[in-house]
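Written out below as structure tokens is the structure these notes cover.
The values are calculated or read from the model by the stated rules, or taken from the named source; none is laboratory data. Because the structure is predicted, anything quoted here is derived from the model rather than measured. Surface areas here come from the heavy atoms of the whole protein model, side chains and all, with no ligands, DNA or RNA. Shrake-Rupley method; radii C 1.70, N 1.55, O 1.52, S 1.80 Å.
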Amino acid sequence: MVKGVFEVKKVMIAVDGSKMADKVLLKGRMVAEQFGCDVIIMTVVKKMQMINYYTGTDLSDRLNKEFESSAEKTMEQAEKLFEGFQGGFKTSITEGDPAEEILQATENEKPDLLVMGSRGLSGFERVMLGSVSLKVLHHVTCDMMIVRNEAA
């Protein structure tokens, strides 16, 4: 490799807790180890507003607590997969629209490379909402590695 053509000092890895997350994390770690750089791992909690119209009960708090718990478990798994990693390492959990939050994080952190999975949503959600990785790809200002799902 020609020095200076592609240098990576900071990698951001965005995961969603899907089955793909471990593969994305391991690919990101591999790149970070090859370049000897720092890593930021992030996940986004998308808040929901749900009301049971039959009872009038607001189900949002319970549902959002589950999402937050899932995000914390995702970060715990990331920390396990990065045990023994020699570079700088930090995790981040944010709330909001996943694509928007990932784009904002890349603007703030200025990574040289963003690593994320090709898909985590179900087929119906992807058709209705669009792929988060596709939205990010069209607007991100750094290089991006998309880790493909085996089923893709």
Filter result for the condition that a residue is open to solvent by less than 80 Å² (accessible area, probe 1.4 Å), at pLDDT 90 or above and over 15 Å from residue 28 (Cα atoms), over 117, 96: 96
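Let's see how each residue does on (1) in a strand (DSSP E or B); (2) of a type outside the set (Val, Ile, Thr); (3) at pLDDT 95 or above:
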{"position": "18", "(1), (2), (3)": "no, yes, no"}
{"position": "28", "(1), (2), (3)": "no, yes, yes"}
{"position": "40", "(1), (2), (3)": "yes, no, yes"}
{"position": "55", "(1), (2), (3)": "no, no, no"}
{"position": "80", "(1), (2), (3)": "no, yes, yes"}
{"position": "85", "(1), (2), (3)": "no, yes, yes"}
{"position": "92", "(1), (2), (3)": "yes, yes, yes"}
{"position": "103", "(1), (2), (3)": "no, yes, yes"}
Condition first: at pLDDT below 75 and open to solvent by 70 Å² or more (accessible area, probe 1.4 Å). Now tell me which residues in the range 120-152 satisfy that. 124, 125, 127, 128, 129, 150, 151
